[in-house]
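Colleague: One structure coming up, written as structure tokens, with questions to follow.
The values are calculated or read from the model by the stated rules, or taken from the named source; none is laboratory data. Being a predicted model, the structure only gives us computed values, none of them experimental. Here the Cβ is made from the backbone with ideal geometry for all residues, glycine too, and neighbour counts use every protein chain on show.
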Amino acid sequence: MLKSWTTELYDRIAGWTGMRDAAVEEPIEALCDRLLSHASPSARLRAAMDIHNRFAAADDAGKRAFLTLLAERYTADPATLDRAIAAYQADRSAERLADLHAASEPRRQQILRRLNEVPNGTAMLLAMRSALLRTGGLAALDGDFAHLFASWFNGGFLLLRQLDWSTSGAVLTKLMHYEAVHPIETWEALRARLEPADRRCYGFFHPMMDAEPLIFVEVALTQGIPVSIGDILRPDRTPLDPAMADTAVFYSISNCQDALRGIPFGGPLIKQVMDRLRREIPALRRAVTLSPMPGFAKWLAAQASEAALVEQLAVPDWHRDDALKEPLLRAAARYLTTATGREADPVARFHLGNGARIEQLDWLGDTSPRGLRQSHGMMVNYLYDPAHIDANHFAFAQSGAIAASDRLRRQGRVDQPTRFWRGFLRPEEERR
């Protein structure tokens, strides 16, 4: 395969750079300035490569110093911005507005674009944002990363790939490492999730990072809506003929790149996988999740009205007592539909924001140690109904309206609809 001119030039520059004396290393500010100048492509490429190499070799303090330099020195140029504002005030045309928009963009965004042009540049920019997120602060710079990543990693640009037991070992190892919902402890456990005909796994990949999954979803093909993760992961189960399945169950969605925090490609992944499965298996009637409720136990412990229930849940083997089923289901329904502030369920936020409906609660759906600790064993199914996804998404985005089944509302004794207010659930009586 012929090399691209960029890669070939990069190889040549790498040789030049390797012959340079480290004692004459340019200040990193000079390299950043060159990325903003009208220097030749080879000079810009060499500067970008030098920045990447220095950042990769730097310790945490050095990385932080470089990020601080970007944040503080390479903002929008004040003089250029003042001229653009004055020009727009004198002539409110589309052309002057475009000039104003360009002048208001921080110069560091162009630096980041130039850094993305070198081979492995995208991966290095992810490493830069990871370093930024670890140390915190520099919110404006983080906003620039998020702004650019939202374009570079949008769902239409990414590659959807099915991952199976024949996928490269390097990628499969990363699936085991990044699985965030139901840990995969052994290769045999991974094989059980990938090889059977009624199990699927799909991931998004960036064209410039072919061996690095960005996010992946694990799918079980079932008859009916499952109520327990144990049934999905049980090693001695009998696989189902996919032609007999009527339900696609999204039972685990894991983000692989912390640097892409806040980039919304989980929803596009679910929608693309749904479309693909409907084409492959026409008999499928529904798509649901089998989701955890990671904040439920903490929320319940803070409810003074539920003190007696919380006390009973502290008894060893409490989950063997069916007398606690109804009060716990009722509390879980209230949690999903009325919890506010930081107590609101993050998984609910994700699925409601993507147009799903809260369908049903699953008593003792996850009796693993983590499931009992975080959610008292409760799980929840979110239903993705193609006929209502857009309407649910629009209502949630516009007014925070929560789509929930009548059964769930009855369980929580929620007579009136509820809504999501400024990112959190809030009672409907607040609505005018």
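Colleague: Just checking, does region 194-202 include any residue being surrounded by 15 or more Cβ atoms within 10 Å (Cβ to Cβ), touching a residue at least 60 places away in the same chain (Cβ under 8 Å) and out of contact with any His (no Cβ under 8 Å at 6 or more places or on another chain)? Give the steps one after another, and end with the answer.
Modeller: Within region 194-202, the first condition is being surrounded by 15 or more Cβ atoms within 10 Å (Cβ to Cβ), and the residues that meet it are 194, 196, 198-202.
After this cut, where a residue has to be touching a residue at least 60 places away in the same chain (Cβ under 8 Å) as well, the list is 200, 202.
After this cut, where a residue has to be out of contact with any His (no Cβ under 8 Å at 6 or more places or on another chain) as well, the list is 200, 202.
Looking for residues that are surrounded by 15 or more Cβ atoms within 10 Å (Cβ to Cβ), touching a residue at least 60 places away in the same chain (Cβ under 8 Å) and out of contact with any His (no Cβ under 8 Å at 6 or more places or on another chain), one finds at least one in region 194-202, hence yes.
Colleague: Hey, among the residues in region 139-187 that are among the charged types (D, E, K, R) and touching a residue at least 24 places away in the same chain (Cβ under 8 Å), which one's surrounded by the most Cβ atoms within 10 Å (Cβ to Cβ)? Step through it out loud before you land on a result.
Modeller: Of region 139-187, the ones among the charged types (D, E, K, R) are 142, 144, 161, 164, 174, 179, 185.
Keeping just the survivors that are touching a residue at least 24 places away in the same chain (Cβ under 8 Å) gives 144, 161, 164, 174, 179.
Working: ASP144: 21, ARG161: 16, ASP164: 14, LYS174: 18, GLU179: 19.
That would be ASP144.
Colleague: Can you tell me which of (1) under 30 Å from LEU112 (Cβ atoms); (2) crowded, with 20+ Cβ neighbours inside 10 Å; (3) of a type in the set (Val, Ile, Thr) is the one THR222 doesn't meet?
Modeller: The one condition THR222 does not meet is (1).
Colleague: Filter region 339-369 down to the residues that are over 20 Å from LYS325 (Cα atoms) and either of a type in the set (Ser, Thr, Tyr) or out of contact with any helix residue (DSSP H, G or I) (no Cβ under 9 Å at 6 or more places or on another chain) (or both) and list them by number.
Modeller: Passing the criteria: THR340, GLY341, ARG342, PRO346, VAL347, ARG349.
Colleague: Counting only residues that are in contact (Cβ under 8 Å) with a residue 24 or more places away in the chain and exposed (fewer than 15 other Cβ atoms within 10 Å of the Cβ), how many does region 230-247 have?
Modeller: At the first step, the residues of region 230-247 found to be in contact (Cβ under 8 Å) with a residue 24 or more places away in the chain are 230, 232-233, 235, 239-247.
Adding the requirement that they be exposed (fewer than 15 other Cβ atoms within 10 Å of the Cβ) leaves 235, 239, 241, 243-244, 246.
Residues in region 230-247 being in contact (Cβ under 8 Å) with a residue 24 or more places away in the chain and exposed (fewer than 15 other Cβ atoms within 10 Å of the Cβ): 6 in total.
Yes/no matrix, rows are residues, columns are (1) at pLDDT below 90; (2) crowded, with 19+ Cβ neighbours inside 10 Å; (3) within 24 Å of the chain's Cα centre (by Cα); (4) closer than 15 Å to GLY267 by Cα:
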site: ALA356; (1), (2), (3), (4): no, yes, yes, yes
site: GLU359; (1), (2), (3), (4): no, yes, yes, no
site: THR367; (1), (2), (3), (4): no, no, no, no
site: GLY371; (1), (2), (3), (4): no, yes, yes, no
site: MET379; (1), (2), (3), (4): no, yes, yes, no
site: ASP385; (1), (2), (3), (4): no, no, yes, yes
site: ILE389; (1), (2), (3), (4): no, yes, yes, yes
site: ALA401; (1), (2), (3), (4): yes, yes, yes, no
site: ASP415; (1), (2), (3), (4): yes, no, no, no
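Colleague: I'd like the residue in region 310-354 that is under 22 Å from the mean Cα position of the chain (by Cα) and of a type in the set (Lys, Arg) and, out of all such residues, is nearest to HIS388 (Cα to Cα).
Modeller: If we take residues in region 310-354 being under 22 Å from the mean Cα position of the chain (by Cα) and of a type in the set (Lys, Arg), then ARG349 is nearest to HIS388 (Cα to Cα).
Colleague: Could I ask something else about it? Take residues that are free of Cβ contacts under 8 Å to residues at least 24 places away in the same chain and within 27 Å of PRO183 (Cα to Cα) and tell me which of the helices (runs of 4 or more DSSP H) falling wholly in region 324-414 contain 2 or more.
Modeller: Working: elements: 325-338, 346-353, 369-375, 389-399, 406-411.
So the answer is 369-375.
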